[in-house]
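In what follows, a structure is listed as structure tokens, so that the remarks can point back to it.
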Amino acid sequence: MYQDPVQWRIEVDRLACSGTGLCLGTAHGRMRLEAGRARPVDELISPDDGVMDAAETCPMEAITVREATTGEVLAPLR
Amino acid sequence: MHESLGFQLSAMNASQKVEIMTVTDSAGPPKYPFGTVVRLDLHRRYLELCRNEPVSRVTMPYGGEAWLITGYHEIKQFLADPRFSSHAATAHDTARVTPLPLRPGNLLSMDPPDHGRIRKVVAHAFRPRIVSQLADRMRALVTAELDTMENAGPPGDLVQRLAIPLPVRMIVELFGVPYEERAEFRRFSDVFVATSAHTKEEIDEARDGLETFLRKLIAKRRGNLSDDLLSVLIEALDAGQLSETEAVRTGIGVLMAGHETSLSMISNVSFLLLSQRDLFVQLSHDPALMDPAIEEMLRIIPLRSVGSFPRRASEDIEIGGVLIRRGETVIFQRAAGDRDERVFETPDTIRFDRESNPHLGFGHGMHFCLGASLARAELKVALEELTARFPTLRLTGPAEDVPWKPGLIARAPAALPVTW
């Protein structure tokens, strides 16, 4: 039976983001800077540990990763 | 009018001028660093390079040639690209300004995915909302130190009474170093951050000494965990999130940065405000300028004496129209990029009213300063208390007489004798 592959959604709080660029290296290829603030290259992605690390380490706590269908927060966890 | 720091810098000494002339005659790339480090001056050559050749070739004191990046956009591109490997730069043939390359296993010498795995262990403790809970502690500490200075003086020494106690106490508490053991730690830390002030052997010995110190701390703290960073590292170690070497070296990195870097910066900021005293007066009269003033000083002060930690290209990468080949070493001068006229209007002028100040004082990319919030909070508390309590504060003599600590990674005055 066909099952949808798990997808994650990347959200960036553009007001909280201060453009440190930390996510650009940690989640290489997944994030970009636009006018000095981070944006996901694609909001919906297949699971990627680098994106989890970026959400866990963002100094401004500006990145949230959710399970796309349920909306459950995957990172940051604390 | 504010006296421009850059204007002061433009007065090059004779040996620097001679060097520039010989460089154009010689066959190889110019020798790096370009000249003696003087106070908070940024060597003029950086600004010429930023304008004309933001990615250029230099010959390093150790390990041969490297690329030097001095342009703002080029530095940001470099720092955001993990294909420039910090780990590869731990190899002993890496071109560099320090006698030894960094050891592997420290956050600063890591690449993804290791870097993210370790950084998330320690990141929580340094987030703005966690650090803001420390503000009252900071203020109490600074008040007590300044009480002591006021009662004993004038004169007083801002390095001993402000720049050392505040960051040392904060990082020691955050980390969980027993207060009575901080002297042992301090013994190694000055050597650890040397460029030319100590030999390779002395630096290696200090690194070993610090690693032993950390291992002892970890052993003692086991079974007595609290909410400090040492406990966080031990829990992560036991959970298999990082190795013992990674815990020890990351711990040292955090301690060193939280301590040497912040105390240097508090000293430098105090020096800058008192050597161009109209800036100090502005801050005393208008405390609302504090936040933008701190950002402006983070931009203008070249905290690093020379260059940066190196990274090496893991493949061919183009930056600013220059092809960096796989294996080649790259360093950057952040302070040059932060005076890039493509980004900052009148970049050499210190202005507390800049509308936008996207400086790179805390770096950029995945190695963005872990302690940025803590450092900002410490600077703010230190300067608020200083300007409010001592509006007549001034150096006891000419700024040129202030002694500096040469040959360290970060610039810092050895003492800041003040009166009021």
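The values are calculated or read from the model by the stated rules, or taken from the named source; none is laboratory data. What you are looking at is a predicted structure, and each value in this text was computed from that prediction instead of being measured. All Cβ positions, glycine included, derive from the backbone under ideal geometry; neighbour counts span all protein chains shown.
When residue B:128 is tested against the conditions (1) free of Cβ contacts under 8 Å to residues at least 24 places away in the same chain; (2) within 14 Å of another protein chain (Cβ to nearest Cβ); (3) of a type outside the set (D, E, K, R), the lone failure is (1).
Is it the case that the stretch B:371-383 has a residue that's under 27 Å from residue A:54 (Cβ atoms) and out of contact with any helix residue (DSSP H, G or I) (no Cβ under 7 Å at 6 or more places or on another chain)? Checking the stretch B:371-383: at least one residue is under 27 Å from residue A:54 (Cβ atoms) and out of contact with any helix residue (DSSP H, G or I) (no Cβ under 7 Å at 6 or more places or on another chain). Selection of the stretch B:82-112 for residues being within 14 Å of chain A (Cβ to nearest Cβ), surrounded by fewer than 22 Cβ atoms within 10 Å (Cβ to Cβ) and outside any helix (DSSP H, G or I) yields B:83, B:85, B:87, B:111, B:112.
For the stretch B:378-420, the tally of residues that are surrounded by fewer than 19 Cβ atoms within 10 Å (Cβ to Cβ) and under 30 Å from residue B:124 (Cα atoms) stands at 2. Here the stretch B:369-417 is the region considered, the condition is being outside any strand (DSSP E or B) and basic (Lys, Arg), and the residue that is farthest from the other protein chains (Cβ to nearest Cβ) is B:389.
Scanning the stretch B:340-368 for residues that are away from chain A (no Cβ under 14 Å) and in contact with a Cys (Cβ under 7 Å, 6 or more places away or on another chain) yields a count of 1. Of the residues in the stretch B:306-313, at least one is away from every other protein chain (no Cβ under 14 Å), in contact with a Gly (Cβ under 7 Å, 6 or more places away or on another chain) and at pLDDT 95 or above. Apart from one condition, residue B:48 fits all of (1) away from chain A (no Cβ under 14 Å); (2) buried (at least 22 other Cβ atoms within 10 Å of the Cβ); (3) not hydroxyl-bearing (Ser, Thr, Tyr); the exception is (2). The residue list B:268, B:224 contains one member that is at pLDDT 95 or above and not hydrophobic (A, V, I, L, M, F, W, C), which is B:268.
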